[in-house]
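*Asks:* Dropping the structure in here first, questions after.
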Amino acid sequence: MNSDGKHLIRVRTVTGQTDYIDDDITDAILNGSKYERLRVRRHSIFDQSIPTKLAWQSVLLLALALVAPITLAYPSAVAGLFPGGEPLASSPTVLMPGALVLVLELGTAVGHVAVAGAILRDESALSERRMRQLLSIEEMASFYGFVGGALLLGITLVFFLLGFSGVETLQQYSPPGKQGPFDPSGTGLSVATVSILSFVASGILFAVSRYLAVKLD
């Protein structure tokens, strides 16, 4: 057991030396709450704690906030492709997957926080069935937040980074008579708005993750 009270597993390395590693699963089973014990026994790719998940979501939103700095670095010829020639104030079609990322991450973060709140309010009064229901809600929120959110974030950043490839390349994605990636989306949601909201939301989620890390410890 280390200085933090976590259990260690003794392992032998390929060189024959003995080393110790943290065993988070054993620690959760022996020292964790009933909810933590159920969580680590549940086979899922999203078996991280809620504070960790919220911290990851804050990173995804911080990455989304990069759309504004990216557009500011565009050459003038590429910037001219945006509605009005002002990338930050425009609402291009390519921004729409990013807007969905913002909605997904905020929505699923609310789901994660709601589960954590239910546990903090009165975990001892929750039945095992209710805890399993909460785990299902948490897992669904994690799936949409990380799988769906990361996929849409990747699409958004890739298309925005295409702006550095030059006007000729971008025109290939704007066939005559069809809507191109930098044409108006019609939503009125600007690049600056999405970037600022993402940055602020990222900071809030990270702060909440640190708060819950202390409360759920």
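Here, each number is a calculation from the coordinates, and none is a lab measurement. A quick note: this is a predicted structure, and the numbers were derived from the prediction, not measured. Neighbour counts run over all protein chains shown; Cβ positions are idealised from the backbone, glycine included.
*Asks:* Rounded to the nearest 20 debye, what is the charge dipole size of segment 112-217 about its Cα centre when +1 sits on each Lys and Arg Cβ and -1 on each Asp and Glu Cβ? Please report the intermediate quantities before stating the final value.
*Replies:* Working: 7 positive and 8 negative charges, 34 e Å.
Dipole size: approximately 160 debye.
*Asks:* For segment 48-216, build the charge dipole from Cβ charges (+1 Lys, Arg; -1 Asp, Glu) around the Cα centre, then report which of I196, A79, L60 sits farthest towards its positive end.
*Replies:* Positive-most Cα among the choices belongs to L60.
*Asks:* Applying a 10 Å radius around every beta-carbon, put 115-127, 51-63 in order of their mean neighbour count, most first.
*Replies:* Result, highest mean Cβ count within 10 Å first: 51-63, 115-127.
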